[in-house]
1. For region 31-41, how many residues are under 20 Å from Leu3 (Cα atoms) and surrounded by 22 or more Cβ atoms within 10 Å (Cβ to Cβ)?
2. Return the residue satisfying two criteria in turn: it lies in region 42-98 and is more than 25 Å from the chain's Cα centre (by Cα) and among the acidic types (Asp, Glu), and of such residues it is surrounded by the fewest Cβ atoms within 10 Å (Cβ to Cβ).
3. Mind counting the residues in region 131-173 that are more than 17 Å from the chain's Cα centre (by Cα), assigned to a helix (DSSP H, G or I) and touching a residue at least 40 places away in the same chain (Cβ under 8 Å)?
4. Could you list, in sequence order, the residues of region 45-79 that are in contact (Cβ under 8 Å) with a residue 60 or more places away in the chain and either within 16 Å of Leu104 (Cβ to Cβ) or of a type in the set (Phe, Trp, Tyr) (or both)?
5. Val260 - would you say it is without any contact (Cβ under 8 Å) to a residue 60 or more places away in the chain and β-branched (Val, Ile, Thr)?
6. So which residues in region 99-130 are part of a helix (DSSP H, G or I), at pLDDT 90 or above, of a type in the set (A, V, I, L, M, F, W, C) and surrounded by 14 or more Cβ atoms within 10 Å (Cβ to Cβ)?
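The values are calculated or read from the model by the stated rules, or taken from the named source; none is laboratory data. These numbers come from a predicted model, not from an experiment. Here the Cβ positions follow ideal geometry from the backbone for every residue, glycine too, while neighbour counts run over all protein chains shown.
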Amino acid sequence: MLLKKIVVAEDDDAIAHLVAAAAGDAGFLCLRAHDGNEALSMCRREAPDLLILDVMMPHTDGLEVARRLKSDVLSSRIPILMLTSLSGVDDRVKGLDAGADDYLAKPFDLRELIARVRALIRSATRERDRNPTTNLPGSTAVEDYVNDVLKRHRADHVLLYLDVDHFDTYADAFGFHKADEVIAELGELVLEQARIHGGGEAFVGHIGGDDFVVVVRASEAEKLANDLIAAFDTRVPRWYVGESGGAQLGRRMLLSIALVNAVASGARTTEDVAKLLAQAKRASRRRDESNVVVWRPEAD
């Protein structure tokens, strides 16, 4: 896995060395910028995961660096942790108004600095990976979560893979705007049912298009899947209201759900899990109604 990259924009050599050493010990790759102009060019060239930015910088001060980065469509995604010896409220407000995502006054504890760095990178990564249609975690977050299930050997958790058969036909007939509305509503439905059955422990992700993933405890998985099928089929008729509705009901959308216990199946990687899900999905496509398929070793 690639190291997270941090630019440290600090003109004081002693402070820059301490920050870089602490971040390096915490597993981050650090790059040093000695002034504001160098910080700007380095951020635009390296696209770091975080900028640690001193306010009092030569040539271009930290406030102006933050303003310029946040006004750029590409560099605006870089979270900024601003450092300053000016600890007044007005100074903190200026930094936050300029675009800083967090603020730390000098002198600071290096443990707190690293904790804030991790929190900012975690938050930024999570927000960048959200699907814009449903606001659910996207494909990278799904892969990370499944990897965690495998790594922790959580055999009491089951993966549900959901997709909608004939969705492309629906989008062709009703248009992509209406199709996006259906996906957004489906995302709300999946999240609602996952919380009912899995509480705060349930994970819900939107890989893209009409594909969703839910991870819940094995004891709740089949009941959740069947309730999702029932709720989906109840909503389908009203999605077909309109001029093209009657003609399309003959090939109406169906919800197919494949269930896999990733750990019990012997899977070691997300690629292994994907192969098992593909086996279950092939079985589900042979059916002409919304359905749930539980992966078995003998699945074809």
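1. If we filter region 31-41 for residues that are under 20 Å from Leu3 (Cα atoms), which is where we start, we get 31-33, 39.
Filter once more, so that each one left must be surrounded by 22 or more Cβ atoms within 10 Å (Cβ to Cβ): 33, 39.
Qualifying residue count, region 31-41: 2.
2. If we take residues in region 42-98 being more than 25 Å from the chain's Cα centre (by Cα) and among the acidic types (Asp, Glu), then Asp90 is surrounded by the fewest Cβ atoms within 10 Å (Cβ to Cβ).
3. Looking only at that region, the number is 5.
4. Narrowing region 45-79 to residues in contact (Cβ under 8 Å) with a residue 60 or more places away in the chain: 49-50, 52.
Matches in region 45-79: Leu50, Ile52.
5. no
6. We begin by selecting, within region 99-130, every residue part of a helix (DSSP H, G or I); these are 110-128.
Now narrow it down to the ones that are at pLDDT 90 or above: 110-121.
Remaining after also requiring of a type in the set (A, V, I, L, M, F, W, C): 110, 113-115, 117, 119-121.
Listed by number, the residues that qualify are Leu110, Leu113, Ile114, Val117, Ala119, Leu120, Ile121.
Yes or no, residue by residue, for (1) surrounded by 15 or more Cβ atoms within 10 Å (Cβ to Cβ); (2) at pLDDT below 95; (3) under 25 Å from Pro132 (Cα atoms); (4) not aliphatic (A, V, I, L, M):
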{"position": "Thr169", "(1), (2), (3), (4)": "no, yes, yes, yes"}
{"position": "Ile183", "(1), (2), (3), (4)": "yes, no, yes, no"}
{"position": "Val190", "(1), (2), (3), (4)": "yes, no, yes, no"}
{"position": "Gln193", "(1), (2), (3), (4)": "yes, no, yes, yes"}
{"position": "Gly200", "(1), (2), (3), (4)": "no, yes, yes, yes"}
{"position": "Gly208", "(1), (2), (3), (4)": "no, yes, yes, yes"}
{"position": "Val216", "(1), (2), (3), (4)": "yes, yes, yes, no"}
{"position": "Leu249", "(1), (2), (3), (4)": "no, yes, no, no"}
{"position": "Ser265", "(1), (2), (3), (4)": "yes, yes, no, yes"}
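Yes or no, residue by residue, for (1) part of a strand (DSSP E or B); (2) under 22 Å from the mean Cα position of the chain (by Cα):
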position: Gly187; (1), (2): no, yes
position: Gly199; (1), (2): no, yes
position: Phe212; (1), (2): yes, yes
position: Val215; (1), (2): yes, yes
position: Ala221; (1), (2): no, no
position: Leu255; (1), (2): yes, no
